[in-house]
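Take a look at the structure set out below.
The values are calculated or read from the model by the stated rules, or taken from the named source; none is laboratory data. For clarity, every value in this text was computed on a predicted model and none was experimentally measured. Virtual Cβ from ideal backbone geometry, glycine too; neighbours counted across all protein chains shown.
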Amino acid sequence: MAQPVSLAAPADRLMTPTMRVAKLVLLGGSVVAAIIFPFIFTNPAVTSIAVFTLLFVGAASAWNMFSGYTGYMALGNAVFYGCGAYFFANLASHLDVKGGVGLFAYVPLAGLFAGLVAIPVGWLALRTRRHTFVVITIAIFFIFQLLAYNLTGLTNGSSGMQLPIPPWNAATYNTYFYMAALVVAVVAIGLSWAVKRSGFGLELLAIRDDEDRAAGLGVRTKRVKLATFVLTGFVTGMCGAIYAYYLGSIYPPFAFEAIFDVTIALMAFLGGLGSVSGPVVGALIIEPVQQYFTLRFTGGGLSLILFGVLFLAVIRFLPDGIVPSLGAAFRRRLGAAKAAVDEPVSELDTLGSSTSEPTPEVNGGVPR
Amino acid sequence: MGTQISKAVVDGILTGGVYALMAAGLTLIFGVMEIINIAQGILVVLGAYMSYTLLTYLHIDPFIGLIFTMPLMFGVGVFIEWGFIRRLKPQNRTALSILVTFAIAIVIEGLLTQFFSSDLRTLDAWYVEKSLHVFGFYLPYIYLLGFALAVTLLGALYVFLYRTRAGQSIRASVQNRTGAELIGINISRVSAMTFGIGAAVTAAGGMVFGATNSFNPNSGYDLISRLLVIIVLGGLGSIGGALVAAVVALVIEDVTAVVWSPVWASTMFFAVLIVVLLIRPNGLFGRPEARVQ
């Protein structure tokens, strides 16, 4: 499966210092804009959509970190979302914590719990490949959903669990959740970027391109896959915890929701599978649309029909995703501009930017 | 307890047969096209609604109604394959096909909700309520008839696959898609036909499902999860495997309901898959997945 891989180095070589500065400014600007967003757009309806969007940015980035980089389609991440949510709810009720900013400190704990859950789940699922892997993640998802309904001692079954209500007033209520979600989203993106940049990321991409060959070249595939899976669980669990806190109560079908998995996959696909910013772009586009559909067309099947059609249109017309398509077009223009300035464009540059790299040679091809 | 367990086993076999029929279509689609048709669950529900409409508005008996619903569903299947699956580019086909079929499932679910609302329906016919009293068991007629239907259709499927040219081309495509193309088999036509067959059996399965359960558009999720478990349990691409797996899984589920508790029965159903995959990662009768070329 050949995929255009946007490794940083070759593209950077094509960029002038001015462009690099521009890229940093753009990045910094988005961060600042994200921070001041809820203070400018104070309408609670808007900030509510923003909270959900940020949670999905985090969850989609986490999904992409595993499924996008390794090529294993995991459709069971809702397991971690729900585990994070229920762990958080249990913690809050057992420790008898009052609602407030302090409760957010327990979110990373929920993430850790979800990460721990990911170890046996990942160990089990990663024994299989491709289609079997997808189905087993789906099966595990349904098992967890059923457990949520049946382990009433832990989850209260269909009656759900309540979370402490924070004592903030209506005007600023959403802002706290927005900030928490923003932190988690930034962590998710940061992890995603760090993984991609590192040698670890190269191993993951090698697994995606040709796993057996990667194993033959010395990549510890089992360990690498499991480690990434756990990271995904950690981030997704944190998103789930904030979700539960924001909703104020949690029930099995909302914590473990089938459409969740497909939504984050769609977001990553739309934005660009395997790229860091892809899932972010995808989430920023799709979640507000989904919220709008749900609000506008409640009850009937219309929201489902529209969502499904949107889904199909995305897959049909943007099979590579937005970010890689834009990136490729950008690099083509850069390449043309460079050639015009009479610099010899080395073969390595053009190879790296427009085709996929097969398994990188490690130690000159000699397995470790 | 003994009679209860025996009854559970018999129930499991009877319902297993019907699930086997639906799973057979799903695994056949996978075998030929290497894609997982997530829409299979909602297609079963669609089949149920079709039979429901024929019964409620035209007073056509569900079994007779199959004469209409099966070809109609065949057409739906062919349309889906031609319109969406065929257009997928070769790279990333696995992942994309899952998303595409899921999207189609969502659209169909939305359409059904629009036309029929979320109210629970069920198919009512004279034989749904009555049972056959044999050997101390009460076997509902609908289960027996449904099982008979499943066996008949599976038999017809076997005859088709092993005794006709068209069936032979399907089997060839399952064994080696590239090879089949090289010897002149029209893969597009085979794919469309396979998808059509896979959908047509859901018309039958849907009718029985609709008669034995109350359903609404949301029933698709539970169905597809079970069907997926069954085909992986049996081994992707193996129809015989799907048959065995369906019966085994459902018997275990029904026995668990009696021996342990109904609450944990569904969980057991999924747990069986996990247990089997630990021992045989490719399912009961599956072939090891070939290297991605």
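The table below gives the values:
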{"item": "Test: residue in the stretch A:221-229 that is within 30 Å of residue A:99 (Cβ to Cβ), within 14 Å of chain B (Cβ to nearest Cβ), modelled with pLDDT under 90 and surrounded by fewer than 24 Cβ atoms within 10 Å (Cβ to Cβ)", "result": "no"}
{"item": "Matching helices (runs of 4 or more DSSP H) fully within the stretch A:102-185 where at least 3 residues are closer than 30 Å to residue B:234 by Cα and in contact (Cβ under 8 Å) with a residue 12 or more places away in the chain", "result": "A:107-125, A:130-150"}
{"item": "Qualifying residue in the stretch B:90-102 (condition: among the aliphatic types (A, V, I, L, M), modelled with pLDDT of 90 or more and within 30 Å of residue A:64 (Cβ to Cβ))", "result": "no"}
{"item": "Those residues of the stretch A:250-269 which are assigned to a helix (DSSP H, G or I), within 14 Å of another protein chain (Cβ to nearest Cβ), farther than 17 Å from residue A:192 by Cα and among the hydrophobic types (A, V, I, L, M, F, W, C), in sequence order", "result": "A:258, A:259, A:260, A:262, A:266"}
{"item": "Selected residue (only one of B:263, B:244, B:251, B:272 is modelled with pLDDT of 85 or more and within 13 Å of chain A (Cβ to nearest Cβ))", "result": "B:272"}
{"item": "Residue in the stretch A:100-111 that is modelled with pLDDT of 90 or more, crowded, with 19+ Cβ neighbours inside 10 Å and under 19 Å from residue A:145 (Cβ atoms) present", "result": "yes"}
{"item": "Residue, farthest from residue B:28 (Cα to Cα), within the stretch B:72-115, restricted to residues that are aromatic (Phe, Trp, Tyr) and at the interface with another protein chain (Cβ under 9 Å from one of its Cβ atoms)", "result": "B:115"}
{"item": "Criterion (under 17 Å from the mean Cα position of the chain (by Cα), in contact (Cβ under 8 Å) with a residue 24 or more places away in the chain and not in a helix (DSSP H, G or I)) met by exactly one of B:35, B:29, B:80", "result": "B:35"}
{"item": "Residue match in the stretch A:232-244 (condition: within 14 Å of another protein chain (Cβ to nearest Cβ), under 14 Å from the mean Cα position of the chain (by Cα) and either closer than 19 Å to residue A:81 by Cα or not aliphatic (A, V, I, L, M) (or both))", "result": "no"}
{"item": "Qualifying positions in the stretch A:280-337 - of a type in the set (Gly, Ala, Ser), buried (at least 17 other Cβ atoms within 10 Å of the Cβ) and within 14 Å of chain B (Cβ to nearest Cβ)", "result": "A:282, A:301, A:303, A:308, A:321"}
{"item": "Those residues of the stretch A:280-334 which are touching a residue at least 60 places away in the same chain (Cβ under 8 Å) and outside any helix (DSSP H, G or I), in sequence order", "result": "A:320"}
{"item": "Every residue from the stretch B:99-131 that is loosely packed, with under 14 Cβ neighbours inside 10 Å and either hydrophobic (A, V, I, L, M, F, W, C) or touching a Cys at 6+ places or on another chain (Cβ under 6 Å) (or both)", "result": "B:115, B:120, B:126"}
{"item": "Within the stretch A:128-148, tally of residues that are more than 8 Å from chain B (Cβ to nearest Cβ) and of a type outside the set (A, V, I, L, M, F, W, C)", "result": "2"}
